[in-house]
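The values are calculated or read from the model by the stated rules, or taken from the named source; none is laboratory data. Worth saying up front: this structure is predicted, and the values here are computed from it rather than measured. With ideal geometry, Cβ positions are generated from the backbone for all residues, glycine too; neighbour counts draw on all protein chains shown.
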Amino acid sequence: MADIPSPVVGDAPTSVWALESPTVGDRRLARLAIRKVPFRIGRRAGLELSLPYESVSKEHAEIYISDAGLRVRDLNSRNGTFANEVRVHDAPLREGDMLRVADFELRVVRLEGEAKAPPDDTAQMGDFLPTRAERGGGRELVELLEKELVEPVFQPIVVLPGRALVGYEALGRGRHAALPESPLFLLEIAEGIGCVSELSRLFRRKAVEVLVGRPDLPMLFLNTHPKELEHGGLVDSLAELRELAPNMRLVLEIHESGVTDPLWVAHLRRELSRLGMRLAFDDFGIGQSRLLELSDVPPHVLKFDRSLVTGIDQATATSRRILLQSLVRTASELQVHTVAEGIETESQAQTCVQLGFSHAQGHYFGQPVAVANL
């Protein structure tokens, strides 16, 4: 681990980089100097910044220095690293930028003068960051549900190799003045007060409502929360969507972690077929890939997690390419469409074509946008 160079004027350091976070109640502002790089952030104890919360991956992200300055790199985290609310894999950091690790927000600052040496104590900063209970938001979340203060945005999905638009994934955003717009944050609050299924259903319904009367639009991919698979009501909520939009081409995404009971998945697939909907497995490959369930009850669409796609065009990813090519070939033999998620460059797109992916999604093909911009 190397010392991080400070910005200098002549030979004298003038400031140090630090992370700063708002705290709860009357606690003072929490600050942590970035004194050495790489500066790792994650759930695991012993890192430069340890955040012991389930939404944070064991090793989530790292801050490092390049010739161009300070940068942040996501470490294939489950819930993402964001710079100024844009999910990033590797991005520059500048003074004033908001860095979000899962649902924890940190501001990148330069400290001058007396503030130049804040306590270098990771445990202290972890103590100052608000816990789920301290963050609260339950009352505001109930109000959000009652007033339906959410807005859908839509990210394109394209066919490979031609790249024609074939669908959109609907992503929810909060629109309550006292709450962040991040669906991850909102779903965590909702889970804490026992209404996560209601919020997930609201996100889906709003996405369908704003597109009713748009017969020109292609397939619409709708998300679920894993908790919905444990309780009743999911199929009934989908039947309501079908009544709302009889002719809309709908695809339901369920997370890989929810694909644990082949009999239940087979039941869900039959119910979706009855409703004229299709089934997709989302984030395939981030945990234990459900190969047995994939062969017993194949979905219509298999979406490969972005962690498998990130850096797939690099020479060091040879083994991963071999694995992906094998999985894509197996899915193709089962007549399952394969979507490469998280594509950010032309080189990644070309590699995914070579691997046999039938479809792709990612910022390279389009950012999530509001319905007015479709």
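Quick notes
- Scan of the stretch 72-89 for residues that are touching a strand residue (DSSP E or B) at 6+ places or on another chain (Cβ under 9 Å) and either aliphatic (A, V, I, L, M) or in the same structural domain as L308 (by TED's automatic domain parsing) (or both), ordered by number: V72, L75, A83, V88
Listed here are the residues, each with its yes/no results for (1) among the hydrophobic types (A, V, I, L, M, F, W, C); (2) without any contact (Cβ under 8 Å) to a residue 12 or more places away in the chain; (3) touching a Pro at 6+ places or on another chain (Cβ under 6 Å); (4) more than 26 Å from F82 (Cβ to Cβ).
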residue	(1), (2), (3), (4)
R306	no, no, no, no
Q314	no, yes, no, no
R321	no, no, no, yes
S326	no, yes, no, yes
T330	no, no, no, yes
E346	no, no, no, no
Q361	no, no, no, no
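- Unique match (being out of contact with any helix residue (DSSP H, G or I) (no Cβ under 9 Å at 6 or more places or on another chain) and surrounded by 15 or more Cβ atoms within 10 Å (Cβ to Cβ)) among M219, M248: M219
- Selection within the stretch 8-34: residues that are surrounded by 14 or more Cβ atoms within 10 Å (Cβ to Cβ) and over 28 Å from R78 (Cβ atoms). The member of this set that is modelled with the highest pLDDT is V16.
- For beta carbons closer than 6 Å, sequence separation of 6+ or different chains, a first residue in the stretch 97-110 that is farther than 18 Å from G69 by Cα and assigned by TED's automatic domain parsing to the domain that holds A83 and a second that is among the small types (G, A, S) and at pLDDT 80 or above, the qualifying pairs are V101/A61.
- Selection from the stretch 161-177 of residues that are surrounded by fewer than 21 Cβ atoms within 10 Å (Cβ to Cβ), touching a residue at least 40 places away in the same chain (Cβ under 8 Å) and hydrophobic (A, V, I, L, M, F, W, C): L165, V166, L171
- Only a single criterion out of (1) more than 14 Å from L106 (Cβ to Cβ); (2) touching a residue at least 24 places away in the same chain (Cβ under 8 Å) is not satisfied by V56, namely (1).
- Qualifying helices (runs of 4 or more DSSP H) (wholly inside the stretch 305-368; at least 2 residues being exposed (fewer than 15 other Cβ atoms within 10 Å of the Cβ) and of a type outside the set (S, T, Y)): 318-333, 346-355
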